[in-house]
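Below is one structure, written out as structure tokens; comments come after it.
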Amino acid sequence: MPQKLGVVGLGLMGSVLAAKLVRAGYEVRGYDIDKERMSLLEENGGTPAESPAGAAAGAAFVVLSLMNSDIVREVCFGAGGLIESAEESLLVIDTTTSRPEDSIETAAGLRGRGNSFLDVSLSGSRDDIVALAGGDESDLERARPVIAAFARSCHHMGPSGAGARTKLIVNLISGLNRLVMAEGLVLGMKSGMDMEALLEVLKDSSAYSKAMAHRGGRMVRADYDNPSSRIRQHHKDVRLILEQGRLFNTPMFLSGVHDQILQAAELGGLEDADNAAAIEVLRRLAGIPSF
């Protein structure tokens, strides 16, 4: 009989995770406040639940994919939350990009009720996911088959909060890679270069990065629709990154500039555009807006 598993949060990444888990043979019961996402879950072979508690009923694992750690806390402990129906052995796998300190607090709260929690942040694209896990090693070993259904690799980074903090560092570096690429591409545009030719050279040079592979073409073509990750989501992450810098007394010069550019993008109506749209702020300042 297929193992029962809950998924709460069926947005851009959550819907991908749910579909992968169904294909791996799990009996997936999912919940999202958006009814259209629930319909998509059903089309992909999952079963809609009426609440997070409904998704957790009878499940050994629940995977969370939510906007922030405040929503994670509400989903776990609020009205209709996981703890209302959770069996004592429930293991929550939280893939949300969260504040590490909140992950530590949520883990402690669930542990006090006989449940377990892993912060398993995800990096990469929907077809090439790397999992970054924080929590007890024994819980991770139990969860590895579930994680293997949607991630090509899984790294144990330490106790609760370590997975979330690792994800913020990954996002710091990958986000600045995108921003540096945008600055170089705008210089090329402003000077009248053949942008497709320039992009090919950059991909073949020491400047290459995965950010270039995933976003370079989008930036050159001003293709910001059908986002794999949105400006407003990454701006939320950069705010968390700056918060970690203050907490650990670490210089964050470049992330401070990144924060301002993302704020300008949001104010310019690009909050729901793909992260490639960060280049649009620089294009507009250079006098070459795409629209």
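Only the coordinates and a few stated rules stand behind these numbers; no lab work does. Computed from a prediction, not measured in an experiment: that's the story for all the values here. Methodologically, a virtual Cβ is constructed for each residue, glycine included, from the backbone with ideal geometry; neighbour enumeration extends over all protein chains shown.
Using only Cα atoms, find the angle between the long axis of helix 231-247 and the longest principal axis of the chain, and express it within 0 to 90 degrees, rounded to the nearest 10.
Roughly 80 degrees, rounded to the nearest 10.
Which order do the peptides 253-260, 182-189 come out in when sorted by mean C-beta neighbours inside 10 angstrom, highest first?
Top of the packing list down: 182-189, 253-260.
What dipole magnitude, in Debye to the nearest 20, does the chain give about its Cα centre under +1 on Lys/Arg Cβ and -1 on Asp/Glu Cβ?
That gives a dipole near 500 debye.
Identify the residues of the stretch 228-271 with backbone N under 13 Å of a label point that sits 7 angstrom from the Cα of Glu101 along the Cα-to-Cβ direction, or state none.
Residues 240-249 fall inside that zone.
For the pair Val257 and Glu196, what calculated FRET efficiency results from E = 1/(1 + (r/R0)^6), where r is the Cβ-Cβ distance and R0 = 30 Å, to the nearest 0.05?
That gives a FRET efficiency of 0.60.
Give, rounded to the nearest 20 debye, the magnitude of the charge dipole that the stretch 1-144 has about its Cα centre when Lys and Arg contribute +1 at Cβ and Asp and Glu contribute -1 at Cβ.
Rounded to the nearest 20 debye, it is 260 debye.
Can you tell me the relative contact order of the stretch 31-184? Whole percent, Cα pairs under 8 Å, sequence separation 6 or more. Present the calculation step by step, with values, prior to reporting the outcome.
Details: 272 pairs, mean separation 26.8, N = 154.
Dividing the mean separation by the residue count of the stretch 31-184 yields 17 percent.
At 222 nm, what helix-only mean residue ellipticity would the chain give, in deg cm²/dmol to the nearest 500, using -39500 (n - 2.57) for each DSSP H run of four or more?
Working: 12 runs with 150 residues, N = 291.
Mean residue ellipticity, 222 nm, calculated: -16000 deg cm²/dmol.
On a 0 to 90 degree scale, rounded to 10, what angle separates helix 12-23 from the longest Cα axis of the chain?
50 degrees
Largest first and in whole Å, what are the equivalent-ellipsoid semi-axes of the stretch 1-43 based on the Cα gyration tensor, each being the root of 5 times an eigenvalue?
17, 10, 8
Once the dipole of the chain is set up with Lys and Arg at +1 and Asp and Glu at -1 on Cβ about the Cα centre, which of Leu168, Leu198, Ala149 lies farthest towards its positive end?
Leu198
Over the alpha carbons of the stretch 24-153, what is the largest minus smallest coordinate on each principal axis, giving the biggest first in Å?
35, 35, 24
In the stretch 1-74, with Lys and Arg counted as +1 and Asp and Glu as -1 at Cβ, which of these residues, Asn44, Ala59, Ser15, has the Cα nearest the positive end of the dipole, that is, farthest along it?
Of Asn44, Ala59, Ser15, it is Ala59.
Just checking my list (i) 1.05; (ii) 1.21; (iii) 1.00 against Cα Rg over 2.2 N^0.38 Å computed from this structure; which label fits?
Given (i) 1.05; (ii) 1.21; (iii) 1.00, the structure-derived one carries the label (i).
Can you give the FRET efficiency to the nearest 0.05 for Gln3 and Val130, using r as the Cβ-Cβ distance and R₀ = 35 Å? Numbers along the way, then the final one.
On the way: r = 24 Å, r/R0 = 0.67.
The value I calculate is 0.90.
Specify the inter-centroid distance of the stretch 215-249 and the stretch 1-37, based on alpha-carbon positions, in whole Å.
For the stretch 215-249 versus the stretch 1-37, the Cα centre distance is 25 Å.
Magnitude of the Cβ-charge dipole of the stretch 76-176, K/R +1 and D/E -1, about the Cα centre, nearest 20 debye?
260 debye
Compute the signed sum of charges (Lys and Arg +1, Asp and Glu -1) over the other residues within less than 12 Å, Cβ to Cβ, of Leu285.
Neighbourhood net charge equals +1.
Based only on Cα atoms, what mean projected area does the convex hull of the stretch 7-74 have, in nm²?
4.1 nm²
List the residues of the stretch 79-121 whose backbone N lies under 15 Å from a point placed 7 Å from the Cα of Arg239 along the Cα-to-Cβ direction.
97-100
Helix 100-111: angle to the longest alpha-carbon principal axis of the chain, degrees 0 to 90, nearest 10?
10 degrees
Pick out, from Met212, Ile83, Ser123, the residue whose Cα sits farthest towards the positive end of the charge dipole of the chain, with +1 on the Cβ of Lys and Arg and -1 on the Cβ of Asp and Glu.
Going by the Cα projections, it comes out as Met212.
Any lysines with Cα under 27 Å of the Lys20 Cα? List them, leaving off those in the same chain fewer than 8 positions away.
Hits, sequence-local ones excluded: Lys4, Lys35, Lys167, Lys210, Lys236.
Using the per-residue mean of other Cβ atoms lying within 10 Å as a proxy for protection, in what order, highest first, do the peptides 7-20, 101-114, 229-242 fall?
7-20, 229-242, 101-114
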